[in-house]
1. Name every residue in segment 31-71 that is in contact with a strand residue (DSSP E or B) (Cβ under 8 Å, 6 or more places away or on another chain), of a type outside the set (A, V, I, L, M, F, W, C) and not in a loop (DSSP other than H, G, I, E, B), in order of residue number.
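Readers should treat all values here as calculations from the given coordinates under stated rules, not as data from a laboratory. Since the structure is predicted, the reported quantities are computational estimates derived from the model, not experimental observations. Glycine gets a Cβ as well: all are built from the backbone with ideal geometry, and neighbour counts include every protein chain shown.
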Amino acid sequence: MKEQALAKKLPNWNPPYIWIIYGMVGMRKTRSIITFPPPLRIFDFDIGTEVIKGDLKSLNIEHTIHQYNSEECDDYAPFLKQFEAYSPKPNGGH
């Protein structure tokens, strides 16, 4: 994924990138994350990142994981606050 994204040299393709990965259970969505260009800021809604924490560490991939329980409505406000804190700004700042 990293090589493909960087090889295209698109004019507005500047970090930070925001990806939403959604799909059925068992499609290897979480495992694909280790192929994305670092640094990674992961917002995990089903504690799926537990299976890649060791890979992220052993591959020395710079990352931050924020875990939320999608079944708890109280987790929405903390997610929104963290997401907005790291969303790209219109002028290109972080």
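1. Those that are in contact with a strand residue (DSSP E or B) (Cβ under 8 Å, 6 or more places away or on another chain), of a type outside the set (A, V, I, L, M, F, W, C) and not in a loop (DSSP other than H, G, I, E, B): Arg41, Asp44, Thr49, Lys53, His63, Thr64, His66, Gln67.
So that you can scan it fast, the table gives a plain yes or no per residue for (1) exposed (fewer than 11 other Cβ atoms within 10 Å of the Cβ); (2) in contact with a helix residue (DSSP H, G or I) (Cβ under 9 Å, 6 or more places away or on another chain); (3) more than 26 Å from Lys81 (Cβ to Cβ); (4) aromatic (Phe, Trp, Tyr):
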{"residue": "Ile33", "(1), (2), (3), (4)": "no, yes, no, no"}
{"residue": "Pro37", "(1), (2), (3), (4)": "no, yes, no, no"}
{"residue": "Ile47", "(1), (2), (3), (4)": "no, no, no, no"}
{"residue": "Asn60", "(1), (2), (3), (4)": "yes, no, yes, no"}
{"residue": "Ile65", "(1), (2), (3), (4)": "no, yes, no, no"}
